[in-house]
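Down below is the structure, laid out as structure tokens.
The values are calculated or read from the model by the stated rules, or taken from the named source; none is laboratory data. Worth saying up front: this structure is predicted, and the values here are computed from it rather than measured. Don't worry about glycine lacking a Cβ; one is built from the backbone with ideal geometry, like all the others, and counts go over all protein chains shown. Calculation scope for accessible area: heavy atoms of the full protein, side chains included, ligands and nucleic acids excluded. Shrake-Rupley method; radii C 1.70, N 1.55, O 1.52, S 1.80 Å.
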Amino acid sequence: MAAMASTFFSRTTPTVPRRAIANSVPNFALSKSLLNAKRQNSIIVSAIRDDDNYKSFSFELPDDGSNSLKKLLDSFFVVCTSVALSACLFVADVDSASAFVVTTPRKLQTDELATVRLFQENTPSVVYITNLAAKQDAFTLDVLEVPQGSGSGFIWDAQGHVVTNYHVIRGSSYLKVTLADQSTYDAKVVGFDQDKDVAVLRIDAPKDKLRPIPIGISADLLVGQKVYAIGNPFGLDHTLTTGVISGLRREISSAATGRPIQDVIQTDAAINPGNSGGPLLDSSGNLIGINTAIYSPSGASSGVGFSIPVDTVGGIVDQLVRFGKVTRPILGIKFAPDQSVEQLGVSGVLVLDAPPNGPAGKAGLQSTKRDAYGRLILGDVITSINGKKVSNGSDLYRILDQCKVGDKITVEVLRGDHLEKIPVFLEPKPDES
């Protein structure tokens, strides 16, 4: 009978651990032995209910005790046991798979958890910017809004100011900003700085949807530390790329004016088209730069990306928010390309033109000109400002960036074969006064 019962159960019920059955049957349990007693010609079968009370039933056997009746009894025991186990499985209110399959929860390493948390906490601060241009249809003469570019940006403060690159919004008629929850708002340009490729927009969104990004510092960055870039490359939804700082104090040219931008951060975190204007974060999730450019012959990421440091961006954004413009001092000159000066065997900045109404012209700096016979007479060559050596145009811009409008500087120039020191009062650009 034992062999017979074993064969019967192997075909009808799965083999499960005893603990799995016990945990999955809250209201019904079998007794340890279906056959509690066999007294003479009577059989008593009992079961335990959920209130720990026994419920029994019995039946009488004929007196002949024939073999056929014994076989019938054995079959009856098998059927009763099968019915009882089946009832246990059907009565239990559990998922059939969960009773037999043990799943292992996904385990992440500590650094993975930190990266996931950084992305989840900072994604609501990153926005998607669409640049729309108004164009007139040639046949219907209807004015249409045609997308001509896109990029990323991030929320600067709770007043709805959004920071991005100037080249992302250049030439736009309309701008739309899409938040992380896919809500879209019309954006207005607060101001921009073409020389540093920074622009500030403003959206009228509910304050509960505005998540300003944490502002860090870039003065203490080190080559090799981890960085994270969040943006919308190729128009995709929020994307995270990781890398390290590959270099510091790099210099690139502004996409709008060609003026050099100093102290730029170089990183190998993938920065693709659409990432422009997005944030570069440190391992604490703080903003350390704006992703602005890549070096790539193909146009895609080649492992060399550049970000404008947040220390530079902070001062620009504050001026744009307060005044709508950046008041940057100028010397008021036009100077020759660095290659031309090198061919002359001179180290410095050659003054080509110093208009008389500009700071340099008022101070008496001389321009390059020709005499009555057409011979070229070189103007002043600026060799230093405030005692800081000037070897090329980048040095000149770097020094002026550290000055303010109204500052008095001492310009040392090479005039002919002798050096002269000339005091100059810096002024703002004519269109900013």
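Would it be correct to say that residue 266 is more than 11 Å from the chain's Cα centre (by Cα), in contact (Cβ under 8 Å) with a residue 60 or more places away in the chain and not in a loop (DSSP other than H, G, I, E, B)?
No, not satisfied.
Please verify whether segment 391-408 includes one or more residues that are more than 23 Å from residue 195 (Cβ to Cβ), out of contact with any Phe, Trp or Tyr (no Cβ under 7 Å at 6 or more places or on another chain) and at pLDDT 85 or above.
No; the residues of segment 391-408 include none that is more than 23 Å from residue 195 (Cβ to Cβ), out of contact with any Phe, Trp or Tyr (no Cβ under 7 Å at 6 or more places or on another chain) and at pLDDT 85 or above.
Please work out which residue is least open to solvent (accessible area, probe 1.4 Å), limiting yourself to segment 118-158 and to residues that are in a loop (DSSP other than H, G, I, E, B) and either modelled with pLDDT under 70 or among the polar types (S, T, N, Q) (or both).
Filtering segment 118-158 for residues that are in a loop (DSSP other than H, G, I, E, B) and either modelled with pLDDT under 70 or among the polar types (S, T, N, Q) (or both), the one least open to solvent (accessible area, probe 1.4 Å) comes out as 137.
Go through segment 188-210 and give me each residue that's assigned to a loop (DSSP other than H, G, I, E, B), touching a residue at least 60 places away in the same chain (Cβ under 8 Å) and either more than 23 Å from residue 318 (Cα to Cα) or under 20 Å from the mean Cα position of the chain (by Cα) (or both).
The one that is assigned to a loop (DSSP other than H, G, I, E, B), touching a residue at least 60 places away in the same chain (Cβ under 8 Å) and either more than 23 Å from residue 318 (Cα to Cα) or under 20 Å from the mean Cα position of the chain (by Cα) (or both): 197.
Residues are listed down the side, and each one gets a yes or a no for (1) at pLDDT 90 or above; (2) within 22 Å of residue 156 (Cα to Cα); (3) open to solvent by less than 30 Å² (accessible area, probe 1.4 Å):
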| site | (1), (2), (3) |
| --- | --- |
| 228 | yes, yes, yes |
| 233 | no, yes, yes |
| 246 | yes, no, no |
| 251 | no, no, no |
| 274 | no, yes, yes |
| 288 | yes, yes, yes |
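I'd like to know if segment 159-171 contains one or more residues that are modelled with pLDDT of 85 or more, over 21 Å from residue 319 (Cα atoms) and in a strand (DSSP E or B).
No, the conditions are met nowhere in segment 159-171.
Among the listed residues 359, 273, 355, which satisfies the condition of being at negative phi and touching an Asp or Glu at 6+ places or on another chain (Cβ under 9 Å)? Quick ask: steps written out before the conclusion?
Values: 273 fails: touching an Asp or Glu at 6+ places or on another chain (Cβ under 9 Å); 355 fails: touching an Asp or Glu at 6+ places or on another chain (Cβ under 9 Å).
Result: 359 is the single residue among 359, 273, 355 that is at negative phi and touching an Asp or Glu at 6+ places or on another chain (Cβ under 9 Å).
Taking segment 168-186 as the region of interest, how many residues are in contact (Cβ under 8 Å) with a residue 40 or more places away in the chain and of a type in the set (Phe, Trp, Tyr)?
1
Does residue 256 count as open to solvent by 50 Å² or more (accessible area, probe 1.4 Å) and either at positive phi or out of contact with any Gly (no Cβ under 9 Å at 6 or more places or on another chain) (or both)?
Criteria not met by residue 256.
Mind listing just one residue for me: the one in segment 410-421 that is modelled with pLDDT of 90 or more and among the acidic types (Asp, Glu) and, of those, surrounded by the fewest Cβ atoms within 10 Å (Cβ to Cβ)?
420
For residue 213, state whether it is under 15 Å from residue 308 (Cα atoms) and not in a strand (DSSP E or B). Full working, then the answer.
Numbers: under 15 Å from residue 308 (Cα atoms): no; not in a strand (DSSP E or B): yes.
For residue 213, the condition - under 15 Å from residue 308 (Cα atoms) and not in a strand (DSSP E or B) - is not met.
Is it fair to say residue 240 is in a loop (DSSP other than H, G, I, E, B) and touching a residue at least 24 places away in the same chain (Cβ under 8 Å)?
Here the answer is no, as residue 240 does not meet what is asked.
Can you pull out every residue in segment 261-272 that is open to solvent by less than 20 Å² (accessible area, probe 1.4 Å) and of a type outside the set (Val, Ile, Thr)?
Within segment 261-272, 262, 269 qualify.
Given the conditions (1) assigned to a loop (DSSP other than H, G, I, E, B); (2) within 25 Å of residue 170 (Cα to Cα), which single one is not true for residue 280?
So residue 280 meets the others, but not (1).
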